Every structure is written in C-alpha cells, then in structure tokens.
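For reference, the structure is listed below as structure tokens.
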Amino acid sequence: MNESESAGPATVRLETEGGVATITLDRPEALNALTIPMKRELLAALRSVERDAVVRAVILTGAGRAFCAGQDLRERLEPGAVPLGVELRERYNPIIRAMRNLEKPIVGAINGVAAGAGASLALACDIRIASEGASFILAFAKIGLIPDSGATWLLPRLIGPSRATAMALLNEPITAAEGERLGLVLKVVPSESLADEARTVAQRIADGAPLAMALTKRALNGTYDRDLAGALEYEASLQDLAGRSADHAEGIAAFMEKRPPRFTGE
Ligand code: LHQ
C-alpha cells in the first residue's frame, strides 16, 4: 500500500473516513490491470480493513476511466511468469476469499469497464453501484481462457445460469443499465455522482449495527451450500449471537422511545 511494501509506486490506495474504508485500484494508465505487486497490495488493504475496528463498510473502486481490466497481460509475457493455476491459487483466490469472508460489507463503485478478473472483483463485492458508462465483460474467452477468480461461481448466482453462460461463451458485455435490470447492479448513476452514491450506501451500512451487518453477510454467504433446513438452523445460530448484543437491546429501546438507534458495536 506504500512504496516500502512493494518495489514500485503504490498501485492500491486505502483511505478511511467515518467508518468507511475506500480501496482504490490505482494504475489508471493500464486501466487498473492487475500486476503481482498490485494483487499483493489489494490483499494487504483487505487484511488491514479486516483488522481495523473503526471500519464498518468498504468501498472498492478504480482510478481513472476503468474499474479494472483484469490481469495485466503484459506482465504475463515477462520471463518467469508462473503457470495460471499457480497464479490463481497464490494470488487471485486469496483476494476473492478475503472479500467474501470479510465481515464488513463491500460496496463496489464500478466507475468504468470491469473486465476479466476485474469483473470477478466486481462480482465479489456485496453491492454494486455503477456509473452510466460502466460495463462488465468476462474477456477470458477472447484470450483462450475460462472465467476465473470466482466468476464461474458468482455470476450464475447473481444473474442466473443462462445469462452467465452467454456472457462467458460469447464474451458478451453487460452495460450498467442491463446490469441494473438483471439485478447485478443496485443503481446506475452519472459518473460525477458515483463516489457520493457509493459513500451514501456504505455510510448506511456503517451506521447500522456492525454485528448484525457482519452476520447478515455470513448468513447470505452460507445459504449456497445449505438446504432450507440447514439455512433455518444456520439463521437460528447466528440470530442467537445477534440477539445477545447490546445493539439489539438498543434497537428495541430506540423503537420504543421513537428515536434513532445509537449502535456501538457491542
Ligand atoms: C491493458 C489491459 C490488460 C495490460 C487494457 N493488461 N494492459 C488470471 C490468471 C492469470 C492470468 C490470466 O488471467 C487471469 C484473469 C484475467 O483477468 S484474464 C482477462 C485479462 N483481461 C483482458 O483480457 C482485458 C483486456 N483489455 C481489454 O479487452 C480492453 O482494454 C478493455 C475492454 C478492458 C477496454 O477497452 P478500451 O476502452 O478500448 O481500452 P484499450 O484497450 O485502448 O486500453 C487502454 C490501455 O490499457 C491500453 O494501453 P496503451 O498503452 O495501448 O494505451 C491497453 O493495452 C491497456 N490495457 N487492459 N488487461
């Protein structure tokens, strides 16, 4: 995240304000295409927000006109590039796991094209707000690869298997407006409003009861490998935890006293 942690200039920025951390992919000259140092910095930023008790919600966005163009293809041509399976297991998959396991919701502020593994990063966010010119393109088929970094798992769950298959096989882009229609994107906004809109959504999450937000993400993540009976039981065990929190008591007290709740995270 700073020059001392990687060989070159920082390519990922992390800023925190009012309980919201903003992680910005910052290699605009290459449409924020992912290099090895950048992946290392992104994972470090995710680990840092995980540890920071002040942070309750995260925004992931890109600098410049793109969200992220996926793997930096120039880097793949350099001598010594490792096989793709190694690259995925060692560098991409830990990022996707860190995003999905982070118990602080991530709002993707999709400011432009999200291609290849860049699309996968967008899919791994919990909520996506997109600017009018943004788009999602898997891009893998065009270079003889399969969708990776979680795309084969996340995309069918987000937009359904039929549309996901078309996107993957035909390399068909999805515009922000189409994304909204498909439920992939919560809201499409003019690009000049994107940062504010993402901030508003993230702030609403940050102002909520942190344990309830964390357990809600955990519960929704946990439905995919459970049947209804298992999901009911999982909900019951997580609700048991939420129900013991001071924030739950505060929520009820605030309702009774007809005032906004003051959640403390306890
Ligand atoms: C780029 C890139 C890029 C380098 C634009 N790399 N420079 C995981 C495991 C390990 C390896 C394999 O991959 C994976 C996962 C993946 O992500 S695979 C998919 C990799 N990504 C792509 O194939 C997308 C490649 N890029 C594009 O198709 C286009 O650039 C998009 C559709 C993103 C944007 O198109 P335009 O708006 O027309 O921009 P552009 O193509 O003119 O790009 C602008 C510059 O950015 C240009 O550099 P230059 O010096 O010529 O101005 C591009 O070379 C550079 N750039 N993507 N992935």
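The values are calculated or read from the model by the stated rules, or taken from the named source; none is laboratory data. Computed from a predicted structure; not experimentally measured. Counting neighbours? That spans all protein chains shown, and the Cβs are built from the backbone with ideal geometry, glycine included. Remember, those area values only see protein heavy atoms, side chains included, never the ligands or the DNA or RNA. Shrake-Rupley method; radii C 1.70, N 1.55, O 1.52, S 1.80 Å.
Key figures for this structure:
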{"item": "D_trans [Stokes-Einstein, Kirkwood Rh over alpha-carbon pairs] for region 152-224, 4 °C, 1.567 mPa s, µm² s⁻¹", "result": "89"}
{"item": "Debye, to nearest 20: dipole size of region 130-196, +1 on Lys, Arg Cβ, -1 on Asp, Glu Cβ", "result": "280"}
{"item": "Per-residue HN-Hα couplings for region 130-145 [Karplus 6.51, -1.76, 1.60; θ = phi - 60°; Hz; x = Gly/Pro]", "result": "10, 7, 4, x, 6, 7, 10, 9, 5, 6, 5, 4, 5, 10, x, 10"}
{"item": "Size-normalised alpha-carbon gyration radius of region 144-266, reference 2.2 N^0.38 Å", "result": "1.39"}
{"item": "Extreme residue, positive dipole direction of region 105-181, given options L155, A177, A124 (C-beta unit charges)", "result": "L155"}
{"item": "Per-selection metrics, region 74-136 (Cα): Rg and Dmax in Å", "result": "13.8, 39"}
{"item": "Charge dipole of the chain about the Cα centre (unit charges at C-beta), most positive-ward option of L31, P260, T11", "result": "L31"}
{"item": "Estimated dipole of region 1-77 in Debye, rounded to 20 [Cβ of Lys and Arg +1, of Asp and Glu -1, Cα centre]", "result": "240"}
{"item": "The chain: radius of gyration and largest Cα-Cα distance (Dmax), Å", "result": "19.0, 67"}
{"item": "Relative contact order (percent, whole number), the chain, Cα cutoff 8 Å, 6+ residue spacing", "result": "15"}
{"item": "At 0.692 mPa s and 37 °C, Stokes diffusion of region 20-67 via Kirkwood alpha-carbon radius, µm² per second", "result": "291"}
{"item": "Percent carbon-and-sulfur accessible area, region 10-115, ignoring ligands, DNA and RNA, probe 1.4 Å", "result": "54"}
{"item": "Using alpha-carbon coordinates, inclination of helix 246-256 to the longest axis of the chain, degrees", "result": "60"}
{"item": "Overall dimensions of region 1-134 by Cα: Rg and Dmax, Å", "result": "13.9, 44"}
{"item": "Total lysine pairs whose alpha carbons fall under 30 Å of each other in region 103-258 (8 or more apart, or interchain)", "result": "6"}
{"item": "Solvent-accessible area per residue, Å², over region 82-240 with all protein chains present [probe radius 1.4 Å]", "result": "47"}
{"item": "Burial ranking of peptide ranges 246-257, 51-62, 113-124, 156-167 (average Cβ count within 10 Å, highest at the top)", "result": "113-124, 51-62, 156-167, 246-257"}
{"item": "Two-site FRET efficiency, L220 against E15, from Cβ-Cβ distance with R₀ of 22 Å, rounded to 0.05", "result": "0.20"}
{"item": "Computed label-point distance, nm, for sites D52 and A177 using a 7 Å Cα→Cβ extension", "result": "3.7"}
{"item": "Unit charges on C-beta of K, R, D, E only; dipole of region 101-159, Debye", "result": "80"}
